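The values are calculated or read from the model by the stated rules, or taken from the named source; none is laboratory data. No experiment lies behind these values; they were computed from the predicted model shown. As a convention, Cβ positions derive from the backbone with ideal geometry for all residues, glycine included, and neighbour counts pool all protein chains shown. In case anyone asks, the SASA skips ligands and DNA or RNA and just uses the protein heavy atoms, side chains included. Shrake-Rupley method; radii C 1.70, N 1.55, O 1.52, S 1.80 Å.
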Amino acid sequence: MKSLMQKGIVVKSTGSWYIVRMDNGEIVECRIRGRFRIEGIRTTNPVAVGDCVVVEMGTEGGVITEIEPRKNYIIRKSTNLSKESHILAANVDQALLVVTVNHPVTSTVFIDRFLASAEAYNIPTLIVFNKVDLYDEEEQAMLGGLMAIYRKIGYTCLAVSAVRDEGVDEVRKILNGKVTVLSGLSGVGKSTLINRVEPGLDLKTAMISDAHDSGKHTTTFAEMFPLTGGGSIIDTPGVRSFGVVDMKKEEISHFFPEIFACAGECRFYNCTHTHEPGCAVLEAVEAGEVSESRYASYLSMLEESGKYR
């Protein structure tokens, strides 16, 4: 019997098997040809959710023989030290970063690293501050301060309580008609938010660990879900850190819009914005025009870039 080549999109990745929704709507379990693993691809997952692929159909499922060129992807440094990076999702219209001021705390360094990686791959990102129902007066003030920082740069920020269904309609409108990748630390409530946006999915959720104030991993593998309002969401496993890859030291400032905007006024064209005289970025930090937390994140990425090049 002759094999049949068909096209489809990867909707779930387990690392060894891939679920592909074919162009005709059929769902096929696929594996990949071994050559994908040895052709210079330095990621833990040569095929990612959102990839458009060519599948050779057989009697026992399919074999992915080709990955079509990606329009974009979002990537982070893998925790697996034997590989360089892990692709969270490919071919997306936007990213939704779910963060929490507390329960658990999402650091500004984590937020800024994610935003810089998304900027590097031209992926518009929105920030959803979840669990606002749990915040005390001090945490509410922190929330207001953080939202002001990111809105000033140009990022859309939403304050949401997925548990109480507050702000969810606004999230739903943002997701409609778009392919959106969701990311965030373990325990920030991504699955709860998705269940509110699309109740029929009924994704697993778990309680926060009291001992560590961090979430259990309820999403094990990245998976794409269609939305009734059009478009789809790619849910990704919660992470504990976000290491950046593929960034040259001299390019990092380009992915901080407010730093990049100041950099043209620096005295030296190759200014690193760390110590040079006549540095417009340092002056902007001093004047409060660039937030100290964002600048600290820039410095941490600058330092790390020498280690993971």
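Brief remarks on what is shown
- Test set (1) of a type in the set (Asp, Glu); (2) within 30 Å of residue 252 (Cβ to Cβ); (3) open to solvent by less than 40 Å² (accessible area, probe 1.4 Å) - residue 198 fails condition number: (2)
- Hey, residue 98 at pLDDT 95 or above and surrounded by 24 or more Cβ atoms within 10 Å (Cβ to Cβ) or not: yes
- Residues in region 217-238 that are in a loop (DSSP other than H, G, I, E, B), open to solvent by 40 Å² or more (accessible area, probe 1.4 Å) and within 23 Å of residue 74 (Cα to Cα) were compared, and the one that is modelled with the highest pLDDT is 221.
- Restricting attention to region 270-298, the residues that are assigned to a loop (DSSP other than H, G, I, E, B) and either under 13 Å from residue 252 (Cβ atoms) or touching a residue at least 24 places away in the same chain (Cβ under 8 Å) (or both) total 7.
- Applying the condition of being at pLDDT 90 or above, in a loop (DSSP other than H, G, I, E, B) and open to solvent by less than 20 Å² (accessible area, probe 1.4 Å) to region 56-95 and asking which residue is farthest from residue 304 (Cα to Cα) yields 92.
- Flag if residue 155 is closer than 30 Å to residue 283 by Cα, within 15 Å of the chain's Cα centre (by Cα) and at pLDDT 90 or above: yes
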